[in-house]
Amino acid sequence: MTFKRVRKAVIPVAGFGTRVLPGTKVIPKELLNVVDRPILSYIVAEARDAGIEHFVFVTGRQKGAIEDYFDHQFELEAQLEAKGKTALLDQLLAELPKSGEMSFVRQMQPLGLGHAVNCARDIIGDEPFAVLLPDMVMDAETPALSQAISAYEKVGGNIILVEEVPADETHKYGVVAVEPSDDPLRRMTGMVEKPAKGTAPSNLIVSGRYILQPDIFPLLSQQVPGAGGEIQLTDSMVSLMKTQSFFALRYDGETYDCGDKIGLLKANVALALKRPDLDKAARAALSPYFDR
Ligand code: UTP
């Protein structure tokens, strides 16, 4: 069976990023650097690799730099060209979107992830779409979103990437309930946002990549605030689960929560150590700190 192709992705970037303040007081969290490029650059590359053709950013006040990041910076480009720094220039140009490939829609108040996703409804229209949480950098041999799309092409419906965490950490995340099986792709039977300690239905947490059907939008439009007083995407997914299939895919790769101080630090260290051009220097620079 063939399912409607996933062509568009929603990337919500309107949150305050309070966990990494004061770094995010004037710089959008999504533009904080990991090694030598903004978090968002990793996310857009992952989505492009997965075949995404249109990116919808849900932005807010103080987030204008995100739009500028995906545009020409003529003075800089002219300067790099004049100085013969062509490799760097090519790297910047390669990341620019094709005309019309990106849309920016404003979430005027950060009322929650569900509210942010719903702001993209008119641009998404009547087709399945991906959601990528931009603070979750996923390092995987097959890009995480590609894994989600491959699963979608097999089973259709709605797909959520999940990962295992220790049982005493589940209260910080969205947690899924799944049918028992050893298969990495399992049918979901429920989902809960930030369950009270000891009540989580599993230790599989939602890790920031979703394939959703457009039928989520009418539900989001009516969604009342849930955990933390926010309009939660999870709550509307639970409603949609009554009429549509949801599958959780335990994806193959490593997640760095760059919206968290330690996660951001870990991403910087781990991804620098994986870079062939930086590996040796990074190891030499960091090794004196390992045994302290
Ligand atoms: P987070 O839950 O990390 O929220 O949102 P946050 O506000 O960015 O960060 P903290 O918790 O205060 O530190 C996950 C993603 O959803 C976006 C955020 O920008 C982030 O990329 N988001 C969240 C919105 O776009 N709008 C919202 O109302 C909430």
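Of all residues in segment 186-224, those satisfying the criterion of being of a type in the set (Gly, Ala, Ser) and either surrounded by 17 or more Cβ atoms within 10 Å (Cβ to Cβ) or closer than 16 Å to Met237 by Cα (or both) are Gly190, Ala200, Ser202, Ser207, Gly208, Ser221.
Kindly indicate whether Ser146 is at pLDDT 95 or above and either under 23 Å from Asp49 (Cβ atoms) or of a type in the set (Ser, Thr, Tyr) (or both). So Ser146 fits the description; yes. Across segment 166-185, the qualifying residues are those that are under 21 Å from the mean Cα position of the chain (by Cα) and touching a residue at least 40 places away in the same chain (Cβ under 8 Å), and the one among them that is nearest to Thr234 (Cα to Cα) is Gly174.
Remark: pairs (first residue in segment 242-260, in contact (Cβ under 8 Å) with a residue 40 or more places away in the chain; second residue within 16 Å of the ligand (Cβ to nearest atom) and in a loop (DSSP other than H, G, I, E, B); Cβ separation under 7 Å; 6+ apart in sequence or on different chains) = Asp257/Asp135; Cys258/Leu32; Cys258/Asp135; Gly259/Gly17; Gly259/Asp135. Select from segment 107-129 the residues that are surrounded by 14 or more Cβ atoms within 10 Å (Cβ to Cβ) and polar (S, T, N, Q) and write down the one among them that is nearest to the ligand (Cβ to nearest atom). The extreme case among them is Gln107. Note on segment 180-239: residues that are in a loop (DSSP other than H, G, I, E, B), within 17 Å of Arg121 (Cβ to Cβ) and of a type outside the set (Asp, Glu) total 5. Hey, among Asp126, Asp135, which residue is in contact (Cβ under 8 Å) with a residue 60 or more places away in the chain, in contact with a Pro (Cβ under 7 Å, 6 or more places away or on another chain) and not small (Gly, Ala, Ser)? Checking each option against the conditions leaves just Asp126.
Scanning segment 97-133 for residues that are β-branched (Val, Ile, Thr) and closer than 23 Å to Pro225 by Cβ gives Val105, Val117, Ile124, Val131.
The values are calculated or read from the model by the stated rules, or taken from the named source; none is laboratory data. Given the structure is predicted, the values throughout are model-derived calculations rather than measurements. Every residue, glycine as well, gets a Cβ built from its backbone with ideal geometry; the counts of neighbours run over all protein chains shown.
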